[in-house]
Amino acid sequence: QVQLVESGGGLVQPGGSLRLSCVVSGSPFSMYLMGWYRQAPGKQRELVASITGAGITNYADSAKGRFTISRDNAKNTVYLQMNRLQPDDTAVYYCYRYSGDYWGQGTQVTVSS
């Protein structure tokens, strides 16, 4: 049974940083394309960033230059480092494994003064 468990969300002031983590269990990890998505209240879920097993990354325009996706295949973990956070980044952030369509439960990120 594949499970994705996110952590690292919270409340941060504008301009601050957070690092999200997603631990994947129940299956091999290193070969799979992984992604981070987010969903703000009243909006559709949207891609933030993705990373291949080889470490090739892709970012939404809103994330470029501020967010960094990375992975540690030895720890079955994918990360999202978020810098210079703004109120528009407030959302529930989800970890996603494309193969098999697996989602984590989400972690809340709130950017507010």
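The values are calculated or read from the model by the stated rules, or taken from the named source; none is laboratory data. These figures come from a predicted structure and were not determined experimentally. We place every Cβ from the backbone using ideal geometry, glycine too, and count neighbours over all the protein chains shown. Just the protein is used for accessible areas: all its heavy atoms, side chains included, with ligands, DNA and RNA removed. Shrake-Rupley method; radii C 1.70, N 1.55, O 1.52, S 1.80 Å.
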For region 35-56, pairs from a residue that is over 16 Å from L20 (Cα atoms) to a residue that is modelled with pLDDT of 95 or more and of a type in the set (F, W, Y), with Cβ under 9 Å and 6 or more apart or across chains, are R45/Y37; R45/Y94; E46/Y37
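With the requirement that a residue be outside any strand (DSSP E or B) and more than 17 Å from Y93 (Cβ to Cβ), what does region 15-44 give you? I'd like the intermediate steps shown before the answer.
As a first pass, look at region 15-44 and keep what is outside any strand (DSSP E or B): 15-17, 26-33, 40-44.
Result: G15, G26, S27, P28, F29, S30, M31, Y32, L33.
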Residues that are of a type in the set (S, T, N, Q) and modelled with pLDDT under 95: does region 87-110 have at least one? yes
Over region 35-54, the set of residues open to solvent by less than 60 Å² (accessible area, probe 1.4 Å) and modelled with pLDDT under 95 is G53
Going through region 59-70 in order, the residues found to be over 22 Å from G26 (Cβ atoms) and either surrounded by 15 or more Cβ atoms within 10 Å (Cβ to Cβ) or among the acidic types (D, E) (or both) are Y59, A60, D61, S62, A63, R66, F67, T68
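I'd like the full set of residues that are assigned to a loop (DSSP other than H, G, I, E, B) and either touching a Leu at 6+ places or on another chain (Cβ under 6 Å) or among the acidic types (D, E) (or both), limited to region 52-88.
Residues of region 52-88 that are assigned to a loop (DSSP other than H, G, I, E, B), as a first pass: 52-56, 60-66, 76, 83-86.
If the condition is that a residue be assigned to a loop (DSSP other than H, G, I, E, B) and either touching a Leu at 6+ places or on another chain (Cβ under 6 Å) or among the acidic types (D, E) (or both), then T52, A60, D61 are the ones that fit.
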Expected output for region 88-113 (first residue among the basic types (K, R), partner at pLDDT 95 or above and open to solvent by less than 60 Å² (accessible area, probe 1.4 Å), Cβ below 6 Å, 6+ apart or cross-chain) is R97/M34
All-but-one check, N83 against (1) open to solvent by 20 Å² or more (accessible area, probe 1.4 Å); (2) in contact (Cβ under 8 Å) with a residue 12 or more places away in the chain; (3) within 21 Å of Q3 (Cβ to Cβ), failing number (3)
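Is it the case that N73 is within 15 Å of V109 (Cα to Cα) and either open to solvent by 30 Å² or more (accessible area, probe 1.4 Å) or among the small types (G, A, S) (or both)? Working first, answer last.
On the way: within 15 Å of V109 (Cα to Cα): no; either open to solvent by 30 Å² or more (accessible area, probe 1.4 Å) or among the small types (G, A, S) (or both): yes.
No: the conditions fail for N73.
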When region 12-34 is checked residue by residue, the ones that are loosely packed, with under 12 Cβ neighbours inside 10 Å, in contact with a strand residue (DSSP E or B) (Cβ under 9 Å, 6 or more places away or on another chain) and either without any contact (Cβ under 8 Å) to a residue 40 or more places away in the chain or of a type in the set (A, V, I, L, M) (or both) are G26
